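Read the structure below first, then the notes.
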Amino acid sequence: MDHETRRSIVFIGSECYPFVKTGGLGDVMYALPKALADMNCDVKVILPRYHCIPAKYQEKMVYRGSFDMDLCEDGRSYYVGIMEYVWDGVVYDFIDNDEFFSYGNPYTNLVDDIPKFCYFSKAALAALNYMDWIPDIIHCHDWQASLVPVMLRTLFGGTALSNSRSILTIHNLRFQGVYNIPTIRYWTNLPDYVFNVDVFKTGYEDANMLKAGLAYADIITTVSETYAGEIQTEFYGDGLDAHIRHHSGKLRGIVNGIDVVQWDPDNDPKLSTAYNIKNVLNNKKENKKALQEELGLEVDEDKFVIGLISRLTNQKGLDLVNEVLPGLIDGNTQVVVLGTGDSYYEESFRYFETQYKGSVCSCIMYDEGRAHRIYAGADALLVPSLFEPCGLTQLIAMRYGTVPIVRETGGLKDTVEPYNMFTNEGNGFTFDRYECGLLYDAINRAKTLYFTDRSDWDEMVKRDMAKDVSWSASAEKYRELYMELKPAFE
Ligand code: ADP
Ligand code: GLC
């Protein structure tokens, strides 16, 4: 590899569209490697071979080799199979092991997930050595891959990989992989000295896998500049703010983009009517009527349709939505929810659907196709998050000419410019403090513009569609970061 001009990078993470996706991490693990491959980077992605990966992909995987690997304190070793799939210039290597990856979901509960991702992190590094594919950069994602930087400098210290540099990206600080020290020591067989307060130890007896990865990674990134600042404060730091402040010299914020081929209203097989910036005003209405019909809502192109596509957890500001929703239903407004998650929110949205039949539709399910049709058919998309590292739904919404209504936090703040009624600039409606009155006000400002000044509204729709939400600028920032990092020992 020519170190002056090119870098080889391996992405290690727990999900990746279209194989397995539970949220935005899956989108990023797909779109960023693809964007980097287009920029002349040599990219590999290592993932678990979960049983839930659809058969159409499993069938195309090619056996690349297998070996036995030591893992636990008691010397027990485990099978590591490597199944390969090459697509769009990116090589995907799936780590195969039935004992760890045979559940229906990528994540189940910590009792199973801790051993699963201890195994996965070590197997990913061992697989690179086995394939003799020694990358310049090992780019790890979230707590599930956060042991990789630690193992790289300890268990793999004397191997060919020791020259590689590591980056750990925080997609969501809420999830850290915390369990008692004896369990994590058993499943990793890491040396005693890493179980101290600067690396793993947290509280009296727990080990925190993300904390350890942040200590050992050469560079830490997170998915927006605002979130990079927020996680150094107590409110957003989830107990790690002091640790992150300590390591802030190696922390960068790089905002996410979306794959504009995967998300393209002009070429989206899941939509009934294609549209682009030239015909959006007419053709979006067709998508709105098709959506209303699909969901059993009153079919009327003049209704203001608000979409919400989200994991149903308190991160997403759903307590505010629950407070304001009854006040929104005024005969001219419809609300469409798509999401799964905490039963508390699933139940409240089901309740609203029965209470406001014809005006509210709650789809308590995970459905890619329906998500596309809501992005296309809604007028506005709600993202009132309590915290939001980046958020992709507001980016997809803008690409589909759907006006985002967001709270000014994390990546939402960095990507949605507030509407200025005096200059007629901006991309959406925003509010700052986490208060239902402010969300209600933001939605009403949107409705006022929509119902009283349609031409200004339509201009905003077009501005949103014209906005660059692709990966190009941010992938270039990652590429520059990779170029800055020289081999560990030259
Ligand atoms: P997070 O990663 O916190 O869940 P993001 O906004 O980064 O939030 O990404 C969410 C991704 O998951 C988007 O691609 C969104 O369209 C998708 N998504 C969320 N819930 C659903 C659902 N119920 N059905 C289909 N897609 C969903
Ligand atoms: C996380 C965050 C989300 C971000 C996504 C991809 O799941 O909650 O804000 O967009 O990761 O980075």
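The values are calculated or read from the model by the stated rules, or taken from the named source; none is laboratory data. Bear in mind the structure is a predicted one, so any value in this text is a computation, not a measurement. Note that we place each Cβ from the backbone using ideal geometry, even for glycine, and neighbour counts take in every protein chain shown. Each accessible area value is taken on the protein alone, full model and side chains, heavy atoms only, with ligands, DNA and RNA left out. Shrake-Rupley method; radii C 1.70, N 1.55, O 1.52, S 1.80 Å.
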Legend entry - Selection count where residues are over 16 Å from residue 63 (Cα atoms) and either in contact with an Asp or Glu (Cβ under 9 Å, 6 or more places away or on another chain) or among the basic types (Lys, Arg) (or both), scope region 94-114: 4
Inset, instruction - Considering only residues that are assigned to a loop (DSSP other than H, G, I, E, B) and aliphatic (A, V, I, L, M), look in region 235-265 and name the one that is farthest from residue 200 (Cα to Cα). - result: 261
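Taking the stated definitions as given, is residue 379 open to solvent by 10 Å² or more (accessible area, probe 1.4 Å), closer than 30 Å to residue 231 by Cα and more than 10 Å from ligand 1 (Cβ to nearest atom)?
For residue 379, the condition - open to solvent by 10 Å² or more (accessible area, probe 1.4 Å), closer than 30 Å to residue 231 by Cα and more than 10 Å from ligand 1 (Cβ to nearest atom) - is not met.
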Inset, instruction - Check whether at least one residue in region 413-425 is within 16 Å of ligand 2 (Cβ to nearest atom), touching a Pro at 6+ places or on another chain (Cβ under 8 Å) and open to solvent by less than 50 Å² (accessible area, probe 1.4 Å), and report yes or no. - result: yes
Legend entry - Residue satisfying condition, being open to solvent by 20 Å² or more (accessible area, probe 1.4 Å) and in contact (Cβ under 8 Å) with a residue 24 or more places away in the chain, within set 206, 259, 192, 266: 206
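Find the helices (runs of 4 or more DSSP H) located wholly in region 266-367 whose residues include 1 or more that are more than 20 Å from residue 440 (Cβ to Cβ), and list them.
280-295, 343-355
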Legend entry - Of residues in region 164-211 being among the acidic types (Asp, Glu) and at pLDDT 95 or above, the one nearest to residue 234 (Cα to Cα): 198
Legend entry - Subset of region 1-17 that is at pLDDT 95 or above and surrounded by fewer than 21 Cβ atoms within 10 Å (Cβ to Cβ) - its residue that is farthest from ligand 1 (Cβ to nearest atom): 8
Legend entry - Evaluation of residue 43 against (1) at pLDDT 95 or above; (2) open to solvent by 20 Å² or more (accessible area, probe 1.4 Å); (3) away from ligand 1 (no atom under 16 Å from the Cβ) (one fails), failing number: (2)
Inset, instruction - Restrict the check to region 249-266 and report whether at least one residue is over 21 Å from residue 463 (Cβ atoms), among the basic types (Lys, Arg) and not assigned by TED's automatic domain parsing to the domain that holds residue 208. - result: no
Inset, instruction - Among the residues of region 76-93, count how many are within 25 Å of residue 154 (Cβ to Cβ) and modelled with pLDDT of 95 or more. - result: 6
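Quick check: is even one residue across region 254-263 away from ligand 1 (no atom under 16 Å from the Cβ) and of a type outside the set (Gly, Ala, Ser)? Steps first, please.
Residues of region 254-263 away from ligand 1 (no atom under 16 Å from the Cβ): none.
No, every residue in region 254-263 fails to be away from ligand 1 (no atom under 16 Å from the Cβ) and of a type outside the set (Gly, Ala, Ser).
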Legend entry - Boolean, residue 133 is in the same structural domain as residue 65 (by TED's automatic domain parsing), open to solvent by 10 Å² or more (accessible area, probe 1.4 Å) and within 14 Å of residue 9 (Cα to Cα): yes
Inset, instruction - Answer with yes or no whether residue 173 is within 16 Å of ligand 1 (Cβ to nearest atom), touching a Leu at 6+ places or on another chain (Cβ under 7 Å), open to solvent by less than 60 Å² (accessible area, probe 1.4 Å) and not small (Gly, Ala, Ser). - result: yes
Legend entry - Residue tally, condition within 20 Å of the chain's Cα centre (by Cα) and either of a type outside the set (D, E, K, R) or not in a helix (DSSP H, G or I) (or both), over region 111-144: 10
Legend entry - Residue in region 341-376 that is farthest from ligand 1 (Cβ to nearest atom), counting only those that are surrounded by 15 or more Cβ atoms within 10 Å (Cβ to Cβ), more than 24 Å from the chain's Cα centre (by Cα) and polar (S, T, N, Q): 359
Legend entry - All positions within region 288-326 that are touching a helix residue (DSSP H, G or I) at 6+ places or on another chain (Cβ under 6 Å) and over 30 Å from residue 386 (Cβ atoms): 299, 301
Inset, instruction - Answer yes if at least one residue in region 382-397 is in contact (Cβ under 8 Å) with a residue 12 or more places away in the chain, open to solvent by less than 10 Å² (accessible area, probe 1.4 Å), more than 14 Å from ligand 1 (Cβ to nearest atom) and out of contact with any His (no Cβ under 7 Å at 6 or more places or on another chain), and no otherwise. - result: no
Legend entry - In region 211-235, residue farthest from residue 486 (Cα to Cα) [restricted to those that are within 13 Å of ligand 2 (Cβ to nearest atom) and aliphatic (A, V, I, L, M)]: 231
Inset, instruction - Test residue 115 against the criterion of being touching a Phe, Trp or Tyr at 6+ places or on another chain (Cβ under 6 Å), modelled with pLDDT under 95 and either farther than 20 Å from residue 182 by Cα or open to solvent by less than 40 Å² (accessible area, probe 1.4 Å) (or both), and give yes or no. - result: no
Legend entry - Of all residues making up region 384-399, the number that are more than 19 Å from residue 230 (Cα to Cα), near ligand 2 (Cβ under 9 Å from one of its atoms) and of a type in the set (S, T, N, Q): 1
